[in-house]
Structures are given as structure tokens and as C-alpha cells.
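Visitor: Right, I'll just put the structure down here and ask away after.
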Amino acid sequence: RRAAALARVSGPGATRDGHPIALLANIGGVDDAVAAGAQDVEGVGLFRTEFLYLSASSLPSVDEQTAIYAAVLKPFGDRRVVVRTLDAGADKPLAFADLGEEENPALGRRGLRLCQAMPELIDSQLSALAMAAKETGADVRVMAPMVATAEEAAWFASRVKAAGLPKSGVMIEVPAAALRSRHVLAEVDFGSLGTNDLAQYTMAADRMEGELSDLLDPWQPAVLDVVAAACAGGAEHGKPVGVCGESAGDPLLALVLAGLGVSSLSMAPKKVSAVRLALSLHTLDECQALAEVARAARTAADAREAVRAAASEEL
Ligand code: PEP
Ligand code: MG
């Protein structure tokens with residue numbers, strides 16, 4: 001019965017009453033792009049670009065970067081592709097940028113912080129993306145990882161504009177950016193919640209530490225409160241906020257996220273059809289009610305169970 005239900009829905013994501021929630025793919029390279037491009041997805045919500053830089057002994061030339069980016073963009077035609085600029089740091093070191101060891105890589109000079117220290121890095125990446133966008137005619141949007149403040153968002157937006165790219169965004173994965181999203185998102189065109197890091201930083205629990213998985217659960221009501229704050233700040237400026245962390249691929253949580261106000265969900269392509277089905281069974285009002293149920297719960301387990309009990313029995 002479930003297989004039949006999954007097969008019944010296809011195309012753009014939407015709630016039962018027709019409120020669109022774009023369903024996008026997370027990809028990490030050319031092979032992923034070719035595979036995801038052939039799927040029923042509305043584009044890419046997170047293209048992790050680290051593979052191009054982490055294994056390189058020197059910064060790849062702009063031409064080399066352009067060729068790879070064009071190959072990633074091509075399978076998506078005119079569908080959107082959201083590219084995350086380099087998210088390197090002491091835990092994902094670059095051979096050509098020795099920044100030394102750090103006591104706490106997750107709290108160190110990573111993501112946009114590293115690019116601010118080495119602007120030539122991000123400028124070459126943005127130039128290559130602009131050239132690849134021109135070559136392919138693709139709808140490219142770039143976003144920065146690990147943004148904490150409005151100044152950082154403004155710095156990134158100015159670099160993106162200088163490179164001639166049309167749209168800039170920021171990942172919201174640091175609680176400071178979520179809590180101050182009305183100011184952070186005022187500087188850019190969109191936000192994308194990285195719930196993996198957002199859970200890590202909200203709960204002060206290392207995401208690499210398997211023993212802490214209960215604390216890292218994206219159903220933690222505190223994480224949901226932080227997500228709600230990020231969405232409220234975006235709504236003040238009419239700036240779309242999506243989700244590109246693993247949580248977007250959980251059909252029940254996807255309903256809660258839609259209820260909190262996100263406009264897109266990006267996930268491993270194999271998870272898209274179950275999320276599409278879940279959305280198609282609920283109106284936006286029902287999603288909002290489910291979000292309230294989740295946030296009213298005392299624990300992550302209670303939140304999940306309460307939403308499961310209140311959601312459509314067809315799930
Ligand atoms: C996240 O932090 O949720 C995210 C999507 O990025 P990554 O998992 O690559 O840190
Ligand atoms: Mg992250």
C-alpha cells in the first residue's frame with residue numbers, strides 16, 4: 001500500500017492545500033549531480049564543494065574549477081542549484097592553506113571564517129561559479145557556511161555581487177545567526193538551515209561523538225525553537241528559509257519544518273518521495289498545528305511521538 005501511495009505523488013512538493021515546499025537534493029560531486037539530475041527533484045539545495053579542494057595540493061585554477069562546476073550544473077538544466085562555498089577548517093584541512101592545529105576545530109576558523117582570512121580562495125571559487133553559470137545558463141545561487149553575524153553575511157554578499165552572481169544566501173547553522181536572522185537575512189536573498197551543525201551548536205554536543213546522538217536529535221525542542229526563530233526573522237523580510245540538514249529527509253519532521261515556515265527541503269535524493277507523500281497528506285494549517293505540538297513537548301522523544309500520533313495515519 002505504501003509503495004502505491006509513494007508512486008501516486010510526483011512533481012513539485014506541496015502541502016495538500018497546494019502550498020509549495022520545494023524538494024531538493026543534497027549532492028557532493030559530479031557523480032551525485034548526474035544521479036540526482038535524473039531524479040524527480042526541483043534542483044539542488046546543497047552542493048557541498050569540499051571535494052574539489054580537500055584533496056588538492058594547490059588551489060585549483062579558475063579554469064579547472066569552472067570545468068567541474070559546469071559538469072555539476074549541466075544535469076539540472078534550468079532547475080536551481082544552491083552551491084555552498086568551501087567549508088574547510090582544522091577538521092577538514094586544506095593542503096595549500098596551513099592554518100595550524102586547533103583545540104576545537106568545530107569552533108575554530110572554519111567555513112566563511114577561513115575564507116575571510118584567505119579571500120583569494122573564495123574569490124576564485126565565486127569567479128569559477130559565475131563562469132560555469134554563464135556557460136550552462138544554470139540557475140546558480142551561492143551560500144556561505146558558518147555565518148554567525150550580519151557583518152559576515154554582508155561581507156559574503158558583497159563578494160558574491162562583485163563576482164557577478166545574482167543571488168547570495170547564508171547557511172543558518174550557528175544559533176547566533178538563527179536568533180538574529182532578521183538582521184543576518186536582511187543582507188542576503190535567502191537562508192538555509194543546516195540542522196546538523198545547528199543541533200551541534202545549540203546542544204553543545206560534538207556531532208562526531210556517537211555517544212551524544214540523543215542530544216543531537218533534531219527533534220530536540222530547543223533546536224525546533226531555534227529553527228522557529230530563524231524562520232520568523234526571514235518572514236519579516238520575505239526572505240525564504242530552507243533546510244538542508246539531515247532532518248529535512250525525515251517525513252514527520254519535514255511536516256513540522258513546513259509548519260515552522262520553511263519553503264524548501266533539501267535531502268539525499270532517495271528520501272524525497274517519502275517527504276513528498278507526507279506533505280501531500282497534510283494542509284499547511286495541519287503542519288502548523290504539528291509544529292506547535294512538537295514545540296510544546298518536553299523532550300525530543302515526546303515531540304516525535306506526539307507528531308506521529310497527530311499526523312495522518314497513512315504515513
Ligand atoms: C549542516 O550542518 O546541517 C549541513 C547541511 O552541512 P554539513 O553537514 O556539511 O556541515
Ligand atoms: Mg554544516
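The values are calculated or read from the model by the stated rules, or taken from the named source; none is laboratory data. All values derive from a computational prediction rather than experimental measurement. Cβ coordinates were reconstructed from backbone atoms using ideal geometry, including for glycine residues, and neighbour counts include every protein chain displayed.
Visitor: Could you check region 9-52 and list, in sequence order, the residues that are farther than 16 Å from residue 269 by Cβ, touching a helix residue (DSSP H, G or I) at 6+ places or on another chain (Cβ under 8 Å) and part of a helix (DSSP H, G or I)?
Guide: 52
Visitor: Still on this structure, please answer the following. If you check 272, 223, 243, which single one turns out to be at pLDDT 95 or above, within 14 Å of ligand 2 (Cβ to nearest atom), under 22 Å from residue 29 (Cα atoms) and among the β-branched types (Val, Ile, Thr)?
Guide: 243
Visitor: Here are some conditions: (1) more than 16 Å from ligand 1 (Cβ to nearest atom); (2) in contact (Cβ under 8 Å) with a residue 12 or more places away in the chain; (3) closer than 30 Å to residue 258 by Cα; (4) part of a helix (DSSP H, G or I). Residue 140 meets all but one. Which one does it not meet?
Guide: It fails just one condition, (4).
Visitor: Let me confirm something: among 229, 199, 254, which residue is within 16 Å of ligand 2 (Cβ to nearest atom), under 26 Å from residue 80 (Cβ atoms), part of a helix (DSSP H, G or I) and touching a helix residue (DSSP H, G or I) at 6+ places or on another chain (Cβ under 7 Å)?
Guide: Criteria check complete, one pass: 199.
Visitor: Being of a type outside the set (Val, Ile, Thr), more than 24 Å from residue 25 (Cα to Cα), within 16 Å of ligand 1 (Cβ to nearest atom) and part of a helix (DSSP H, G or I): is that true of residue 114 here?
Guide: Here the answer is yes, as residue 114 does meet what is asked.
Visitor: What are the residue pairs meeting all of these: first residue in region 286-315, first residue over 16 Å from residue 259 (Cβ atoms), second residue surrounded by 16 or more Cβ atoms within 10 Å (Cβ to Cβ) and modelled with pLDDT of 95 or more, Cβ atoms under 6 Å, and 6 or more apart or on different chains?
Guide: Every condition considered, the pairs that remain are 300/217; 300/219; 300/220; 314/281.
One line per residue, one yes/no per condition, for (1) assigned to a loop (DSSP other than H, G, I, E, B); (2) modelled with pLDDT under 95; (3) within 16 Å of ligand 1 (Cβ to nearest atom); (4) more than 19 Å from residue 122 (Cβ to Cβ):
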position: 73; (1), (2), (3), (4): no, no, no, no
position: 82; (1), (2), (3), (4): no, no, yes, no
position: 86; (1), (2), (3), (4): yes, no, yes, no
position: 101; (1), (2), (3), (4): yes, yes, no, yes
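Visitor: Determine which member of the set 285, 250 is under 20 Å from residue 14 (Cβ atoms), in contact with an Asp or Glu (Cβ under 8 Å, 6 or more places away or on another chain) and among the acidic types (Asp, Glu).
Guide: 285
Visitor: Taking region 159-190, which residues are touching a helix residue (DSSP H, G or I) at 6+ places or on another chain (Cβ under 6 Å), within 13 Å of ligand 2 (Cβ to nearest atom) and in a strand (DSSP E or B)?
Guide: Hits for region 159-190 are 170, 172.
Visitor: What about residue 248, is it among the aliphatic types (A, V, I, L, M), more than 21 Å from residue 112 (Cα to Cα) and within 13 Å of ligand 1 (Cβ to nearest atom)?
Guide: Numbers: among the aliphatic types (A, V, I, L, M): yes; more than 21 Å from residue 112 (Cα to Cα): yes; within 13 Å of ligand 1 (Cβ to nearest atom): yes.
It is true that residue 248 is among the aliphatic types (A, V, I, L, M), more than 21 Å from residue 112 (Cα to Cα) and within 13 Å of ligand 1 (Cβ to nearest atom).
To keep it simple, each residue is scored yes or no on (1) surrounded by fewer than 19 Cβ atoms within 10 Å (Cβ to Cβ); (2) within 14 Å of the chain's Cα centre (by Cα); (3) closer than 16 Å to residue 173 by Cα.
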site: 192; (1), (2), (3): no, yes, yes
site: 202; (1), (2), (3): no, no, yes
site: 207; (1), (2), (3): yes, no, yes
site: 213; (1), (2), (3): yes, no, no
site: 220; (1), (2), (3): no, no, yes
site: 224; (1), (2), (3): no, no, yes
site: 233; (1), (2), (3): no, no, yes
site: 237; (1), (2), (3): yes, no, no
site: 243; (1), (2), (3): no, yes, yes
